[in-house]
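Here's the structure, in structure tokens; my notes come after.
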Amino acid sequence: MKTKNLILTSLFIALAIVLPFVTVQLPQLGKMLALMHFPVIIAGLYLGPISGLIVGFISPLLRMSLFGMPPLLMAICMSFELATYGLITAILKDKLNIYINLIITIIGGRVVYCLVAMIIINTTFLPTFITTFTTAAIGIILQLILIPQVIKRI
């Protein structure tokens, strides 16, 4: 990994760890906005699949290790979900319109989250899958609006 890419990957990890503090006083708002997801998706689009995967996988686990949030089992599920975001969005970057890319990425990440949750938390797929969308609907809409604008500017 080149030095510039390594530094930017570290920056995106730091952003993913720090951004959720914006909603620390309102945990429900934090779940709704899914602020950790933004830097991961942008890292995938801007830096490529390896960096996107690394940012996505490390961020929830490192945040849990440093601050105790998210809880361990959720952090594990999120690590796989966000790694999927970083990887898929980078792979689809030049193949699809950015909005279609984001929709596929978000669905793919949520599927992976639910599969991991089924294994480690013993949940059922469909209710968990539906909940991941209903809880974070506002965040998903913001991702679809803001991420293409950010990518255009960088």
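The values are calculated or read from the model by the stated rules, or taken from the named source; none is laboratory data. None of the values given here were measured: they were computed from a predicted structure. Cβ: placed from backbone, ideal geometry, glycine included. Neighbour counts: every protein chain shown. In case anyone asks, the SASA skips ligands and DNA or RNA and just uses the protein heavy atoms, side chains included. Shrake-Rupley method; radii C 1.70, N 1.55, O 1.52, S 1.80 Å.
Percent of Cα-Cα pairs more than 19 Å apart in the range 101-154, please.
Distances greater than 19 Å cover 35 percent of the Cα pairs.
Write down the accessible area per residue of the chain in Å², having rolled a 1.4 Å probe over the full set of protein chains. If you can, show how the numbers build up before the last one.
Numbers: 8080 Å² over 154 residues.
Accessible area per residue, the chain: 52 Å².
Put +1 on the Cβ of every Lys and Arg and -1 on every Asp and Glu Cβ in the chain; which of Phe133, Phe57, Leu72 then has its Cα farthest towards the positive end of the dipole?
About the Cα centre, the residue reaching furthest to the positive side is Phe57.
Can you give me the P(r) profile for the chain? Cα pairs, bins 5 angstrom wide beginning at 0, each as a whole percent.
2, 11, 19, 25, 22, 14, 6, 2, 0
Report the gain in length on full extension from Ile121 to Gln25: 0.36 nm times residue separation, minus Cα-Cα distance, nm rounded to one decimal.
Extra length from Ile121 to Gln25 when fully extended: 31.9 nm.
Which length gain, in nm to one decimal place, applies between Ile7 and Ile154 when the Cα-Cα distance is subtracted from 0.36 nm times their residue separation?
Full extension from Ile7 to Ile154 adds 51.3 nm.
Going by a ≥ b ≥ c, the root eigenvalues of the Cα gyration tensor, does the range 17-108 fall in the rounded group (a/c under 1.5), the prolate group (a/b larger than b/c) or the oblate group?
Prolate is the answer for the range 17-108, as a/c is 1.5 or above and a/b outweighs b/c.
Ignoring any ligand, DNA or RNA, what whole percent of the accessible area of the chain comes from carbon and sulfur when the probe is 1.4 angstrom? Kindly include the intermediate steps, with their values, before the conclusion.
Working: 6140 of 8080 Å².
Carbon plus sulfur share of accessible area: 76 percent.
Of Pro60, Pro27, Pro70, which is the most mobile in a GNM of the chain whose springs link Cα atoms less than 10 angstrom apart?
Maximum fluctuation in the GNM of the chain, among the listed residues, is at Pro27.
Given the DSSP H assignment, sum -39500 (n - 2.57) over each helix run of at least 4 residues in the chain and divide by its residue total; what's the result at 222 nm in deg cm²/dmol, nearest 500?
Computed ellipticity for the chain at 222 nm equals -27000 deg cm²/dmol.
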